Amino acid sequence: MLSFTTLAVTAAEATAYHALAAPTGWPVVEADQEAALYRGQRYIAARYNGLWLTDWDNDDAPDEVKHAISEAGLVEAVSPGKLSVTSTPAADKVLVGVGNITWERVKAGGMDGWIPRLSIVEGLLSGLVRSGATMHLSRA
């Protein structure tokens, strides 16, 4: 299971992973990389810790999990806080009309509707979580 306080992937491992695709936004400073990785790992841990098919220690996280943490860390490096959405579902609305501007309360399907989704993370972790879990998590 992933820790919320100890990284399962090093900044050097994440940098090597990102070097393959050369994404825009991965920090150069190691402290900034680690901060982004912590935020990314917390997202992965909170979202998936109850869904893993097998048990493993944080230090023995599978490569797919390390890559998913790196991907989530990149999102956080580019837009800090993006994976930590704060919302009040009862107050959230969506624009449904333009003439005389019409708003409607969002029907998000419970708490799952408020959690950010990263398709690459879901793809990386799909073989490591309970069957149907990522399909449920991906539901719009």
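Here are some notes:
- Sole residue being of a type in the set (Phe, Trp, Tyr) and open to solvent by less than 30 Å² (accessible area, probe 1.4 Å), chosen from Tyr17, Tyr38, Tyr48: Tyr48
- The residue that is farthest from Ala45 (Cα to Cα), counting only those in the range 1-14 that are of a type outside the set (Ser, Thr, Tyr) and open to solvent by 50 Å² or more (accessible area, probe 1.4 Å), is Ala12.
- Matching residues, the range 51-61, being open to solvent by 40 Å² or more (accessible area, probe 1.4 Å) and hydrophobic (A, V, I, L, M, F, W, C): Leu53
- Filter pass, Glu64 being at pLDDT 95 or above, open to solvent by less than 40 Å² (accessible area, probe 1.4 Å) and of a type in the set (D, E, K, R): no
- Of the residues contained in the range 67-82, one or more are found to be open to solvent by 40 Å² or more (accessible area, probe 1.4 Å), outside any loop (DSSP other than H, G, I, E, B), in contact with a helix residue (DSSP H, G or I) (Cβ under 7 Å, 6 or more places away or on another chain) and under 17 Å from Glu122 (Cβ atoms).
- Each residue in the range 20-35 was checked for being open to solvent by less than 30 Å² (accessible area, probe 1.4 Å) and either under 13 Å from Glu71 (Cβ atoms) or part of a helix (DSSP H, G or I) (or both), and 1 of them qualify.
- Checklist (1) at pLDDT 95 or above; (2) surrounded by 14 or more Cβ atoms within 10 Å (Cβ to Cβ) applied to Thr134, failing item: (1)
The values are calculated or read from the model by the stated rules, or taken from the named source; none is laboratory data. Since we're looking at a predicted model, the values are computed, not measured. Virtual Cβ from ideal backbone geometry, glycine too; neighbours counted across all protein chains shown. The accessibility values were calculated without ligands, DNA or RNA, using every heavy atom of the protein model including side chains. Shrake-Rupley method; radii C 1.70, N 1.55, O 1.52, S 1.80 Å.
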